[in-house]
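A.B. asks: I'd like to ask some things about the structure below.
Only the coordinates and a few stated rules stand behind these numbers; no lab work does. Note that the structure is a prediction, hence the values are computed from the model and not measured. Using ideal geometry, Cβ is built from the backbone for each residue, glycine included, and neighbour counts are taken over all protein chains shown.
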Amino acid sequence: MLSHEDPACLLCSSLATIKRDVHELRQQDLRVRHGQVKDIGKGVSHKVQIVGDYLAGYTFSEIESAAASSIGAIRRYCDDFVRIIRFAGAALGSRRHPQRHRAV
């Protein structure tokens, strides 16, 4: 899971907007952060280190040895990260090129 700052940065949004969205999700009884689900509080999980190692070019096998996580979990963390980056890129692309309405 990500901290509030991570999606704010990735989505080019403000921290206040992310906190507001999280608050709304909590009102719907949805848990959205690792700390809430695992009852460990805020903080950076080992996923950050794993994704950082992946971005640094380490193989899944090398990361597995260093992080004591399964290759399946490592693959899932990296796939999730890639999905978020693609989503953020698509969101940025739509902001850079807003659709123009033509007069009829």
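A.B. asks: Determine, for each peptide in 15-24, 72-81, the mean count of other beta carbons within 10 angstrom over its residues, then list the peptides with the highest first.
C.D. replies: Result, highest mean Cβ count within 10 Å first: 72-81, 15-24.
A.B. asks: If the chain between Thr17 and Arg86 were fully stretched, how many nm would it gain, using 0.36 nm times the residue separation less the Cα-Cα distance?
C.D. replies: Contour length minus Cα-Cα distance gives 22.8 nm.
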